[in-house]
Amino acid sequence: MLKKILNKIPIQIKFGKKSFANSIFNEDYFKNSVLCNEYYNSSISEQNNLYKNVAPLSTAIDKISDEFKSVQPYLENLNTGELTLKSPLIDKLKNPNSDTTQKEFLRQMASFFEINGSCYLVASAMSDTSEPKEIVAINPNDINIQEDMRDGYPAYYNYYSCNGSITFYRRETKDKFRYFTKDGMQELWHIKNFSIDSTKIEGLSKINSIYYKCRQWLLGGLHNMSMLERGARISLLVSTDNNIPDAQREKVKAELNNKYTGAENSGKIMLLTGGTMNVKEMSQSNKDMDFINLETQAEKSIYSKYQIPLPLVQSDSQTYDNYRQANNIFYNSVILPLVEKMYEELSIFLFPRYKLDITKFSLSYNKSEISGLEAQTLDNLKTLKDTDILNRDELRSLVGYGKTTDGDIFYIPANLIPAGTSIPDAEKKIREYLQKQKDVKGNKVFSDTDIEYAVKESK
């Protein structure tokens with residue numbers, strides 16, 4: 001019954017001269033897939049092209065990857081909580097390969113993951129257990145995965161480069177699948193996003209759920225540019241004085257669809273010959289021409305998907321206070337979770353090669369060093385100081401400073417008294433306490449006048 005109803009829906013979706021008979025834009029796909037709650041699974045090359053051409057999409061992903069690369073990885077001792085940079089693993093991350101710096105390597109990891117939902121790392125070493133000579137992030141577009149039909153997991157990965165192809169075969173260890181070349185000198189590690197699909201071989205790209213918003217932004221801009229360049233009409237009604245055969249009418253219709261519809265053909269001037277035809281301009285309302293609002297809504301959808309607060313990317317939404325708050329939200333909801341995921345994957349991948357026990361050590365970060373969290377860190381320190389929970393040295397250690405003289409002494413207001421103490425007893429205790437205070441030479445610190453003033457202020 002549903003199919004009969006859908007078959008009666010008149011739908012025509014075309015973009016320029018291209019035929020979408022076998023694509024996502026044809027009538028059958030729209031009726032049978034989109035209206036039946038299926039989604040479009042974009043390819044890696046499509047995702048890459050959208051990243052290159054859709055400005056708000058590249059802005060969102062670049063914002064995430066730029067902040068991610070600025071977080072310095074540390075090796076953390078899980079028993080003591082100590083963070084250190086003195087480790088062969090940290091040294092290798094600082095110089096992962098001869099062509100890439102640490103920040104560029106981390107940026108590649110985050111960018112590939114946010115664009116494609118997958119990130120591939122290849123470690124090259126003298127053996128399958130030795131420390132890697134280099135670690136490289138691989139473009140997911142250069143990877144082909146062969147699924148093992150017995151269990152649905154990857155059987156092997158093919159990496160295609162300018163020097164040919166390399167195959168990484170599965171080894172089943174006690175806790176993880178690992179993928180090596182036959183000689184064991186190269187290992188591939190696949191970091192992937194959650195996927196709702198039944199397949200276990202690829203991560204789900206965030207672009208899938210905003211694919212049409214990205215296309216809308218792109219085609220809207222193309223339409224506007226075409227109109228600006230050609231400066232002609234948008235929509236016309238074509239009719240003939242006499243009836244024409246069905247075959248000829250379909251031919252003319254196909255000619256019009258192929259040459260005069262679509263974003264890139266908007267504004268073209270049409271010339272028809274071979275008979276009497278009438279061309280009438282169709283009116284178009286301001287609502288139909290409101291591409292700016294459509295573009296703005298598409299941008300908001302893209303930023304929302306990547307959890308980018310608008311004050312961070314749109315100047316008309318910025319004030320000092322909401323920018324500061326938006327930056328805190330961005331770091332806590334996007335950057336730090338991404339850092340924790342990537343560092344966990346790097347730990348599982350690389351720790352065995354450096355003889356590090358993953359139950360005793362982890363890759364971590366120093367929160368006090370992250371510039372985007374400075375305001376939040378200072379607010380937290382002020383709260384801890386005001387509540388007298390930590391002494392001065394403990395507060396300094398939270399922001400990476402060393403100990404000071406008498407930094408372990410707790411200072412509290414002199415007028416504080418135990419609950420239930422009567423006021424006369426409290427005044428007596430204050431006097432006694434202040435009278436006992438002496439300097440290094442044994443002289444009284446407070447005069448009688450100072451003491452009486454303090455007692456008065458405590459009431």
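The values are calculated or read from the model by the stated rules, or taken from the named source; none is laboratory data. Keep in mind that this is a model prediction, so the values were computed, not measured. Heads up, the Cβs are rebuilt from the backbone with ideal geometry, glycines too, and the neighbour counts pull from every protein chain shown.
With respect to (1) outside any strand (DSSP E or B); (2) surrounded by fewer than 17 Cβ atoms within 10 Å (Cβ to Cβ); (3) modelled with pLDDT under 65, the lone exception for Lys259 is condition (3). Taking the listed residues Ile196, Ile201, Ile191, Ile166, the one that is in contact with a His (Cβ under 9 Å, 6 or more places away or on another chain) and among the β-branched types (Val, Ile, Thr) is Ile201, with no other qualifying.
Of all positions in the range 118-125, at least one carries a residue that is modelled with pLDDT of 95 or more and surrounded by fewer than 19 Cβ atoms within 10 Å (Cβ to Cβ). Just to verify a result, which residue in the range 215-254, among those that are of a type in the set (A, V, I, L, M) and under 30 Å from Ser301 (Cα atoms), is modelled with the highest pLDDT? This residue is Leu218. For Thr100, the conditions (1) closer than 18 Å to Gly203 by Cα; (2) modelled with pLDDT of 95 or more; (3) surrounded by 15 or more Cβ atoms within 10 Å (Cβ to Cβ) all hold with the exception of (1). Does any residue of the range 117-136 turn out to be under 30 Å from Thr296 (Cβ atoms) and either touching a helix residue (DSSP H, G or I) at 6+ places or on another chain (Cβ under 9 Å) or not basic (Lys, Arg) (or both)? Yes. Each residue in the range 188-217 was checked for being under 18 Å from the mean Cα position of the chain (by Cα) and free of Cβ contacts under 8 Å to residues at least 40 places away in the same chain, and 1 of them qualify. Can you say whether Asn116 is within 20 Å of Gln47 (Cβ to Cβ) and touching a residue at least 60 places away in the same chain (Cβ under 8 Å), as far as the supplied structure shows? Spelling it out, Asn116 is indeed within 20 Å of Gln47 (Cβ to Cβ) and touching a residue at least 60 places away in the same chain (Cβ under 8 Å). Within the range 325-359, take every residue that is surrounded by 15 or more Cβ atoms within 10 Å (Cβ to Cβ) and among the small types (Gly, Ala, Ser) and give me the one that is modelled with the lowest pLDDT. Across the range 325-359, the extreme among qualifying residues is Ala326. Check whether at least one residue in the range 155-171 is buried (at least 16 other Cβ atoms within 10 Å of the Cβ) and part of a loop (DSSP other than H, G, I, E, B), and report yes or no. No, that holds for no residue. Scanning the range 380-396 for residues that are part of a helix (DSSP H, G or I), among the acidic types (Asp, Glu) and farther than 16 Å from Lys367 by Cα turns up Asp386, Asp393.
Checking the range 164-183 against the condition returns no match, with no residue being under 28 Å from Ser301 (Cα atoms) and either within 21 Å of the chain's Cα centre (by Cα) or among the acidic types (Asp, Glu) (or both).
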